[in-house]
Amino acid sequence: MNKIYVIFINFIKRLLGLETKEDTDEYGNEIGKFMPKPEMPVDEEFMINFKKNGGKFLYCEDENELRLNFFEILKENHWEKCEAYCSNLEIPKIFEHTKLKFNKNLSACVFLSDCEFLISNTGAILVSSCQMGDKRLADLPLNFIIIAKTSQMIKTIGEGLQKINKKHNKILPTNITTIKTFEEKKDSDFMTYGSTPKNLYLLLLEDL
């Protein structure tokens, strides 16, 4: 069986929450019974932790599916004619087919943005002033729609900071933070103390 096809099928199974056989690797090759299990792929680890944090996720094979899924989110939440806070001027061009009003009004019903990276070991979304400007998470609307690409998945926040440094020619953007609480926690713990919960949808566009 074609290895690329097997990888794709296993990736889709992980996205749908279906388990793959534990005795084969991602290429379908058999793994010895007493061999140590390979490290979990970053895409699978991110999905598990992201869903555990309460995030909602939609996989998009191409930009056409991205537009369709975006419209379904608007329709489901009755946001078709609302205002969307958006600081990236390129994003509104993708969604010109909607009736959204794009601006920087903090009273908008949804915050629409891209992100820096997706952190797999915590299921968090790494953002900076490139997305939020000088605003705090608490200042922004409750509802978030984040657009990211599969190539933006990385293991740790440390790796993310290194990549941001390289991406922005060593001139780090300010206001770097992570979003990792996507629902109200009845019993908050040390890790979520002081965080700002957001009702967050992630539209993940395949680019690998």
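Overview of results
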{"quantity": "Every residue from segment 129-145 that is out of contact with any Ser or Thr (no Cβ under 7 Å at 6 or more places or on another chain), surrounded by fewer than 19 Cβ atoms within 10 Å (Cβ to Cβ) and not hydrophobic (A, V, I, L, M, F, W, C)", "calculated": "D134, K135, R136, D139"}
{"quantity": "Out of L142, L126, sole residue that is within 19 Å of N53 (Cβ to Cβ), under 14 Å from the mean Cα position of the chain (by Cα) and not basic (K, R)", "calculated": "L126"}
{"quantity": "1 or more residues in contact with an Asp or Glu (Cβ under 7 Å, 6 or more places away or on another chain) and surrounded by 19 or more Cβ atoms within 10 Å (Cβ to Cβ): qualifying strands (runs of 3 or more DSSP E) within segment 51-114", "calculated": "56-60"}
{"quantity": "Extreme residue, farthest from E72 (Cα to Cα), among residues of segment 146-167 that are open to solvent by less than 50 Å² (accessible area, probe 1.4 Å) and small (G, A, S)", "calculated": "G158"}
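The values are calculated or read from the model by the stated rules, or taken from the named source; none is laboratory data. Computed from a prediction, not measured in an experiment: that's the story for all the values here. Cβ: placed from backbone, ideal geometry, glycine included. Neighbour counts: every protein chain shown. For accessibility, only protein heavy atoms count, side chains too; no ligands or nucleic acids. Shrake-Rupley method; radii C 1.70, N 1.55, O 1.52, S 1.80 Å.
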